[in-house]
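Asker: Sending over a structure as structure tokens; questions will come in a sec.
The values are calculated or read from the model by the stated rules, or taken from the named source; none is laboratory data. These figures come from a predicted structure and were not determined experimentally. Heads up, the Cβs are rebuilt from the backbone with ideal geometry, glycines too, and the neighbour counts pull from every protein chain shown.
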Amino acid sequence: MDGTADRRRGFSLREELEDLERRLDGPEEVRVRRLPSPGIAAVLAFFWPGLGHLYAGRLTASLGWFVGTAVAYRLFFVPGFVVHAFCIWSAYRAAEDCEG
């Protein structure tokens, strides 16, 4: 069979050889997204309110927790501590939700 029939179908010998070379070179690089760790999210939220949520990929929640905790600490120490503790727990749960 000559190459004209193959060219009409859209195939060429060069394309087939390039495809074969790609397959023989081995698998392409595969990037795996690492899921956030709930423990790391909690530790980050402990040191900086909202950072655990940011680590878990929740930007809006991160900003909300940062501002909310800052306001609570400004009002008085005890409400700030309670809000901060709840922020840590929430960051842990946010990272858990990412794990499926």
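Asker: Can you list the helices (runs of 4 or more DSSP H) found entirely within segment 1-94 that contain at least 1 residues being surrounded by fewer than 19 Cβ atoms within 10 Å (Cβ to Cβ) and at pLDDT below 95?
Answerer: Qualifying helices (runs of 4 or more DSSP H): 3-8, 13-24, 38-47, 59-75.
Asker: Taking only pairs six or more apart or across chains, which ones have beta-carbon atoms under 9 Å, a first residue in segment 59-84 that is free of Cβ contacts under 8 Å to residues at least 40 places away in the same chain, and a second residue that is of a type in the set (D, E, K, R) and part of a helix (DSSP H, G or I)?
Answerer: Gly80/Arg74
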